[in-house]
1. What number of residues within the stretch 112-161 satisfy the criterion of being assigned to a helix (DSSP H, G or I) and within 17 Å of Lys101 (Cα to Cα)?
2. (1) without any contact (Cβ under 8 Å) to a residue 24 or more places away in the chain; (2) touching a Lys or Arg at 6+ places or on another chain (Cβ under 7 Å): which one isn't true of Met131, the others all being true?
3. What single numbered condition from (1) loosely packed, with under 13 Cβ neighbours inside 10 Å; (2) part of a loop (DSSP other than H, G, I, E, B); (3) touching a residue at least 24 places away in the same chain (Cβ under 8 Å) fails to hold for Glu59?
Amino acid sequence: MEYGFHALAVAAIGSGKRKNMRLLNTLVATAVIAFFMCGQVSAQESASAVKRQAKTYAEAYHDAQAGDKPLLVLVSATWCPPCQVMKQTTIPQLMEKDAFKAFHYATVDLDKEEDLARQLIGNRGLPQFIMFEKQEGQWIRRYLKGIQSVATVEAFVAQASSYRTADAGFEVLGK
């Protein structure tokens with residue numbers, strides 16, 4: 001196909017005829033449209049994958065209490081440009097790498113769940129990853145705020161590999 005496109009382009013340019021130039025313009029426009037459509041489908045597929053893997057906070061909290069994995073929460077807002085960049089680029093890349101498989105992962109939108117989001121982030125900014133992990137019988141909260149690269153988030157979640165998972169008595173929100 002690539003050879004055919006180049007041959008038509010050379011024929012159109014070499015002949016100098018208007019008909020062939022229109023054909024070339026049509027081919028270029030079609031290629032540009034196809035390129036953008038592929039990118040849009042890929043972005044939509046990534047967003048769908050993220051939605052399938054993320055839980056509500058209530059679900060993730062409940063599952064973390066069951067004791068099999070720590071809790072990881074992303075707090076963001078629709079009006080927050082860094083949050084949207086994270087959700088559209090960083091998070092899908094992390095999902096593709098299964099970076100959150102060792103966690104109960106949830107997202108909280110400040111616009112939809114303001115009280116919960118404020119309780120989770122305190123006076124720190126957005127976006128914010130919050131990791132709840134058990135260490136020596138005590139729940140600790142670790143956080144990573146601001147727009148972050150895939151590598152930085154991977155390093156942040158890798159720190160939890162040595163921590164114990166959740167069990168009954170999970171109560172860290174107000175601390």
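1. So the answer is 12.
2. (1) is the only condition that Met131 fails.
3. Here Glu59 meets the rest and fails (2).
Here, each number is a calculation from the coordinates, and none is a lab measurement. Just so it is clear, the model here is predicted, and its values are computed rather than measured. Please note: Cβ atoms are built from the backbone with ideal geometry, for glycine as well, and neighbour counts cover all protein chains shown.
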